[in-house]
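What follows is a single structure, written as structure tokens, with notes after it.
The values are calculated or read from the model by the stated rules, or taken from the named source; none is laboratory data. Every value quoted in this text rests on a predicted model; they were computed, and no experiment measured them. Backbone-built Cβ (ideal geometry, glycine too); neighbour counts: all protein chains shown. Accessible surface is based on the protein model in full, side chains and every heavy atom, while ligands, DNA and RNA are left aside. Shrake-Rupley method; radii C 1.70, N 1.55, O 1.52, S 1.80 Å.
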Amino acid sequence: MTHLRAENLNKALAGSDGETVEVLRSVSFSVEGPAVIGLLGPNGVGKSVTLRILAGLLPLDSGEVRVNGRRPADCRIGYVPASSPVFGWRRVIDDIGIGMEQLGVARAERHACVIEFLKQFSIELPLQRRTHSLSTGQRQIVGLARALIGPTPPDIVVLDEPWSALSPTVREELLRTLESVRQRMNVLVVLAAHSVQDAARVCDWIIPLRSRPLKIDQNDLIRVDLPHPRPAAMRDLPEFRELLGRVDAIYRDRVNLPT
């Protein structure tokens, strides 16, 4: 089981006009995995900044992040940015296995590991094609596979806007893949999302983010108490609609958030 603890996180960044912008102010929460946690909110609210801090890619002004009691720098964390970058000159099978290559794993072993991993999750990709020729959706799947695969599973996987710019069909495919990851791997996934419907399909916890500077405490986490797996038809269930209404009420200030 993975334990993620964020304690009193504070972060300010330089704005486009040169002034300092406070993004995080006293962000504290604790979650245990395997689970999927969704940071839900509009553009500019601080989702990406929070994810990069949790992944150990951005220093804090104050506060600390611990994964099973260790700093993110001392853990294996898979990070998939919103742009889904790929190494365009490499073949798909080598792009996915690049982390193992950096660890010195032999080419044949890397390839076998990639093939077995994709088979396990019923993921189909053109493994011998160059990654520059992939669609946006395929690049997202490559990024996710690259973050998950390796000699040992990651402690945390961080996904920044995984559904960005995806068609409905590819969006559904990625949702199914994330659901499969949640079921089969002992990993904690933290992702950012705009859509509460997407978040509710895959997340165990949702953290609504409304405005900067972000203030989060344990009471702000909303449990998504719906059975897994969650097919698209679940959107018609009363429990699903009740959850959407509850989150919508938070954004419309119909209820008081804990302070």
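General remarks:
- Any chance Ser135 is within 23 Å of Ala55 (Cβ to Cβ) and among the small types (Gly, Ala, Ser): no
- Scan of region 113-122 for residues that are open to solvent by 60 Å² or more (accessible area, probe 1.4 Å) and over 20 Å from Leu174 (Cβ atoms), ordered by number: Ile115, Glu116
- Residue match in region 22-39 (condition: modelled with pLDDT under 90 and open to solvent by 70 Å² or more (accessible area, probe 1.4 Å)): no
- Residue count, region 55-73 (criterion: open to solvent by less than 40 Å² (accessible area, probe 1.4 Å), within 17 Å of Val189 (Cα to Cα) and more than 13 Å from the chain's Cα centre (by Cα)): 3
- Restricting region 1-12 to residues that are in a strand (DSSP E or B) and modelled with pLDDT under 95, the residue that is most open to solvent (accessible area, probe 1.4 Å) is His3.
The rows are residues; the columns are (1) within 21 Å of Arg90 (Cα to Cα); (2) buried (at least 21 other Cβ atoms within 10 Å of the Cβ).
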{"position": "Leu125", "(1), (2)": "yes, no"}
{"position": "Arg129", "(1), (2)": "yes, no"}
{"position": "Ser135", "(1), (2)": "yes, no"}
{"position": "Gln140", "(1), (2)": "yes, yes"}
{"position": "Ala147", "(1), (2)": "yes, yes"}
{"position": "Glu172", "(1), (2)": "no, no"}
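- Matching entry among Asp236, Asp198, Asp204 (being open to solvent by 30 Å² or more (accessible area, probe 1.4 Å) and not hydroxyl-bearing (Ser, Thr, Tyr)): Asp236
- Any chance Asp94 is under 13 Å from the mean Cα position of the chain (by Cα) and more than 21 Å from Ala199 (Cβ to Cβ): no
- Selected residue [modelled with pLDDT of 95 or more and surrounded by fewer than 22 Cβ atoms within 10 Å (Cβ to Cβ)] from Arg76, Arg52: Arg52
- Of the residues making up region 21-39, at least one is under 16 Å from Arg223 (Cβ atoms), part of a strand (DSSP E or B) and among the hydroxyl-bearing types (Ser, Thr, Tyr).
- Conditions (1) charged (D, E, K, R); (2) under 23 Å from Thr50 (Cβ atoms); (3) at pLDDT 90 or above; (4) open to solvent by 40 Å² or more (accessible area, probe 1.4 Å): number failed by Arg210: (3)
- Of the criteria (1) touching a strand residue (DSSP E or B) at 6+ places or on another chain (Cβ under 6 Å); (2) touching a residue at least 60 places away in the same chain (Cβ under 8 Å), which one Ile222 fails: (2)
- Region 79-88, subset outside any strand (DSSP E or B) and of a type in the set (A, V, I, L, M, F, W, C), residue most open to solvent (accessible area, probe 1.4 Å): Phe87
- Flag for Ser180 being farther than 21 Å from Pro229 by Cα and among the polar types (S, T, N, Q): no
- Looking only at residues in region 89-102 that are of a type outside the set (Lys, Arg) and part of a loop (DSSP other than H, G, I, E, B), the one that is most open to solvent (accessible area, probe 1.4 Å) is Trp89.
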